[in-house]
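The structure appears below as structure tokens.
The values are calculated or read from the model by the stated rules, or taken from the named source; none is laboratory data. Note that the structure is predicted; figures quoted are calculated from it, not measured. Backbone-built Cβ (ideal geometry, glycine too); neighbour counts: all protein chains shown.
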Amino acid sequence: MNSEELLPTYEIIEAVLKNSINPILIQLENDIGKLKYRCSVYVDDKEMSSQIIGFSETDGIAQPIRVRFRPTFNANQLKFQVEAVFSKDISPQGTGFSGFWTKGKVNTDNFIVQKSPWIVQYSVWKWKGWK
């Protein structure tokens, strides 16, 4: 598959995690409680790196989050997409809540993240990839 996806540096991944993903997880904590997450960087269908993050002290299953990166026309910028598809058993009763999706850009020189609003997903139980 020639998608142009790439594995960025650790600093870029951490900037996206800190400035885009963590604020969403903190906000979700109010609705679904403290959970553990497995945040993975994917290139095509292959997991390239991952880390467990979260706010739960329990040994529950880590809810999956996939992050993907692509180059832009600007040499010092990457675009990213974040997709979370959570298990049905953590969805608040009767809501169909299944995760979230967001995107943005990150400057590869100074690690400044330009994030887009995030979208709550309902009854989306499969990975969609780039939109």
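Please enumerate the residues belonging to the stretch 86-115 that are in a strand (DSSP E or B) and farther than 19 Å from Ala62 by Cα. Thr102, Lys103, Gly104, Lys105, Val106, Asn107, Val113, Gln114, Lys115, listed by residue number. Are any of the residues in the stretch 78-96 among the aromatic types (Phe, Trp, Tyr), at pLDDT 90 or above and over 21 Å from Leu17 (Cβ atoms)? No; the residues of the stretch 78-96 include none that is among the aromatic types (Phe, Trp, Tyr), at pLDDT 90 or above and over 21 Å from Leu17 (Cβ atoms). Pairs linking a residue in the stretch 62-75 that is closer than 14 Å to Phe86 by Cα to a residue that is modelled with pLDDT of 95 or more and acidic (Asp, Glu), with Cβ atoms under 7 Å and 6 or more positions apart or on different chains, are Arg66/Glu83. The numbered conditions (1) modelled with pLDDT of 85 or more; (2) touching a Leu at 6+ places or on another chain (Cβ under 8 Å); (3) in a loop (DSSP other than H, G, I, E, B) are all true for Gly60 except (1). Would you be able to say whether some residue in the stretch 71-78 is surrounded by 17 or more Cβ atoms within 10 Å (Cβ to Cβ) and within 20 Å of Val106 (Cβ to Cβ)? Scanning the stretch 71-78, I find at least one residue that is surrounded by 17 or more Cβ atoms within 10 Å (Cβ to Cβ) and within 20 Å of Val106 (Cβ to Cβ), so the answer is yes. Looking only at the stretch 19-50, filter to residues that are without any contact (Cβ under 8 Å) to a residue 24 or more places away in the chain and over 16 Å from Ser91 (Cα atoms); which one of those is surrounded by the most Cβ atoms within 10 Å (Cβ to Cβ)? My answer is Ser50. Just one of the numbered conditions (1) surrounded by 14 or more Cβ atoms within 10 Å (Cβ to Cβ); (2) modelled with pLDDT under 95 is not true of Trp118: (2).
If the requirement is being farther than 20 Å from Ser20 by Cα and touching a residue at least 40 places away in the same chain (Cβ under 8 Å), which of these qualifies: Trp118, Trp125? None of the other options fit; the residue is Trp125.
Taken as a whole, the condition of being surrounded by 13 or more Cβ atoms within 10 Å (Cβ to Cβ), in contact with a Ser or Thr (Cβ under 6 Å, 6 or more places away or on another chain) and either farther than 16 Å from Leu25 by Cβ or free of Cβ contacts under 8 Å to residues at least 40 places away in the same chain (or both) applies to Lys103.
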